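The values are calculated or read from the model by the stated rules, or taken from the named source; none is laboratory data. Everything quoted here is computed from the prediction, not taken from an experiment. With ideal geometry, Cβ positions are generated from the backbone for all residues, glycine too; neighbour counts draw on all protein chains shown. Calculation scope for accessible area: heavy atoms of the full protein, side chains included, ligands and nucleic acids excluded. Shrake-Rupley method; radii C 1.70, N 1.55, O 1.52, S 1.80 Å.
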Amino acid sequence: MYSVIFRPFSLPVVCCLTLFSTVLLADEPVLTPERAVGIALADNPNLAQIKARSEAMAAIPSQEGSLPDPTINIGALNLPTANGLNLQKEDMTMLEVGVSQAIPFPGKLALREKAATFEAAAAADSVDEARLRLVRDVKMHWWQLVFIHRSLLNLDDTERLLKQLAEIANSQYRIGQGLQQDVLAALLEQSKLAKEKAQHLGMHRAEIARLNALLNRSPDSTIRFPDEVDTRLPDIQSATDGQESRPLLAERKNAIDAAQTRLELAKKDYYPDFTLGTAYSFRQSTPNGQSRSDFASVQLSMTLPIYTERKQAKAVDQRQSELLKERYALDQARREIQVEISESQALYQSSRAQFEQLKNTILPLAEQNVASAVNAYQVGKTNFQSVIQAKNAWIEYRNQYWQTLAEAHQALAQLAAATGRESL
């Protein structure tokens, strides 16, 4: 949590600062990356949607592996129409009750269930992949927000320094040892700073809205950062060994298995399906009371796949193309993951090296340079523009410090997700 110091630059800036200050409430819990990830995993609607789809897919295999529902037939056969619908007049008039069951060719049901099982497994893998991407995105937005947050704090420090420089320039001008140009230059720098702060406040609100969207919260919900941020960065040499644990690859492999099974099922369609039925027919007694025997019947029918060139052969071609597509998709996913890992690792190493250089060498020297320039200006040994240049360099290096730290952690988040892990 930090407080915003108001300066009388302009009314629009004051309004922005007031809005910004009221959003950050003192009783808001600190949002660490771990807490942000936990909220997102529990409440993110997109992840919940993918989970619901996976659960729906998991209910399909048993349906695909079950026989079609049997059919019950009830009817009246051979009713004479000449003298009314009389059940006793004709010997072949009867009431019939039957049941029939469609039976696919042996092996088809098992293949359908097997294909649906692979598809359900692929859907479950998509949940794990979506989870990794969500964790990555939350961390990246959190660190981007930290960078903007620290930039605003940096602007507050710069504001205080500019006020000090303006007072020095004004006092020296009053006693005839300074130039009016220095006073005007100080005022110009203050105006430029006000403009920059307004831009950062807009960026800050936009980034808050993006992170809140991932957490399934209102866009203007309060986000409070820890007072201290861990600036240690681990030394990571190589992470390519873990790429095969990426859920995306498992999803693509299950999709290949499902396509292979669908191809086998298409080949099975060259064989006929059967329908087995049985019926029992009840006959009424004759008009003079003589009883008639009931009838029982059994029937077996089957489909005739006689249009194989236009149907079954085309279905096999379709499934072969689908299988080829899934294999290409797996190869493409592997290549993309390798690129993600290489890019993320290179970005991390570069950002880490820049951060260490800024932390250990550049930033301390820039701070000393500002202090030396201010002291030299107070005793008339340098001009005001030299102080402004030193100040601008110091601001830039402080921003780079937090920017490279944020970029390093963002690269770590990308690298972890690329290798199938939530963190490294």
Ranked from highest to lowest mean number of other Cβ atoms within 10 Å per residue, what is the order of the peptides 206-213, 88-95?
206-213, 88-95
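Taking a probe of 1.4 Å, how large is the accessible area per residue of the chain, in Å²?
54
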Can you compute the helix-only [θ] at 222 nm over the chain? Use -39500 (n - 2.57) per DSSP H run of at least 4 residues, normalise by all residues, nearest 500 deg cm²/dmol.
-22000 deg cm²/dmol
The chain, relative contact order [Cα under 8 Å, separation at least 6], %
23
Gaussian network model of the chain, Cα springs within a sub-10 Å range: biggest mean-square fluctuation belongs to which of 301, 321, 344?
301
Simple SL model, points at 7 angstrom along Cα→Cβ for residue 179 and residue 51; separation in nm is 6.6
May I ask you to list the lysines whose Cα is less than 24 Å away from that of residue 192, ignoring any residue fewer than eight positions away on the same chain?
163, 391
What label, among [x] 125; [y] 240; [z] 141, belongs to volume of the Cα convex hull per residue in Å³ computed from the structure on display?
[y]
Most fluctuating residue of 126, 291, 281 in a GNM of the chain with Cα springs under 10 Å: which is it?
291
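Return the loop-located chymotrypsin sites (Phe, Trp or Tyr not before Pro) in region 285-338 (DSSP other than H, G, I, E, B) with at most 12 other Cβ atoms within 10 Å of their own Cβ; answer none if there are none.
When the chymotrypsin sites (Phe, Trp or Tyr not before Pro) of region 285-338 are filtered for loop state and at most 12 Cβ neighbours within 10 Å, 307 remain.
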Taking residue 381 as the anchor, which aspartates and glutamates have their alpha carbon closer than 15 Å to its alpha carbon, excluding any fewer than eight residues away along the same chain?
182
Alpha-carbon centroid distance for the pair region 340-397 / region 94-127, whole angstrom
69
Just to be sure I understand: with springs between alpha-carbon atoms less than 10 Å apart, which residue in 146, 97, 316 has the highest mean-square fluctuation in the Gaussian network model of the chain?
97
Starting from the Cα of residue 274, step 7 Å along the direction of its Cβ; do the same at residue 110; then give the gap between the two resulting points in nm.
1.6
